Amino acid sequence: MPRRRPGALRAERLFRAGWALPPERIHGLSARTSTAVDRVERLSGDYYVHPGATDRALRRYRAFLQPPGRRPRYPQDAECSCRGCSFDDVRHARDVLAQVLRQLPPRPRAQLERQVRTLDARYLARTLPDPFAADRQWRFDLWWRRRLTG
Ligand SMILES: [Zn+2]
């Protein structure tokens, strides 16, 4: 499990105690978009789309692309499919973002989409195409899964 910021823990305790608190603002997104994301996460029936998942997905996607230089990066399978460990695979982070984008209303979607597109461009630049993805990859219909893995 990821380490939680103390503020997030306190907010969650208060929320459970019945205090209606606004969700924490997601880095790079407006308060309004963060609230829309929070709503999608709370109402989603998807096991992998849970409160905080979008924030985690964005952080994971950024971290994957963080190392400086031009060396290619290779996504790796996660060793466990639980909702925490799944983020070890950057492609899972992208799956979550796709899922949330689909469920957001137009304006917050456009804002999150801008962030994701910037990261997508870097992902495309830092990873290599896998010409045999159709034989090797699960859900190879998703472009971010048609890249060479480590
Ligand atoms: Zn796990």
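The values are calculated or read from the model by the stated rules, or taken from the named source; none is laboratory data. No experiment lies behind these values; they were computed from the predicted model shown. Every residue, glycine as well, gets a Cβ built from its backbone with ideal geometry; the counts of neighbours run over all protein chains shown.
Kindly indicate whether Pro131 is modelled with pLDDT of 95 or more, farther than 28 Å from Arg42 by Cβ and either away from the ligand (no atom under 16 Å from the Cβ) or not hydroxyl-bearing (Ser, Thr, Tyr) (or both). No. The numbered conditions (1) surrounded by fewer than 15 Cβ atoms within 10 Å (Cβ to Cβ); (2) in contact (Cβ under 8 Å) with a residue 12 or more places away in the chain; (3) charged (D, E, K, R) are all true for Arg126 except (1).
For Asp89, the requirement of being of a type in the set (D, E, K, R), at pLDDT 95 or above and under 11 Å from the mean Cα position of the chain (by Cα) is met.
Every residue in segment 45-102 that is of a type in the set (S, T, N, Q), free of Cβ contacts under 8 Å to residues at least 60 places away in the same chain and either within 16 Å of the ligand (Cβ to nearest atom) or farther than 15 Å from Ser34 by Cα (or both), please. Gln66, Ser81, Ser86, Gln99, listed by residue number.
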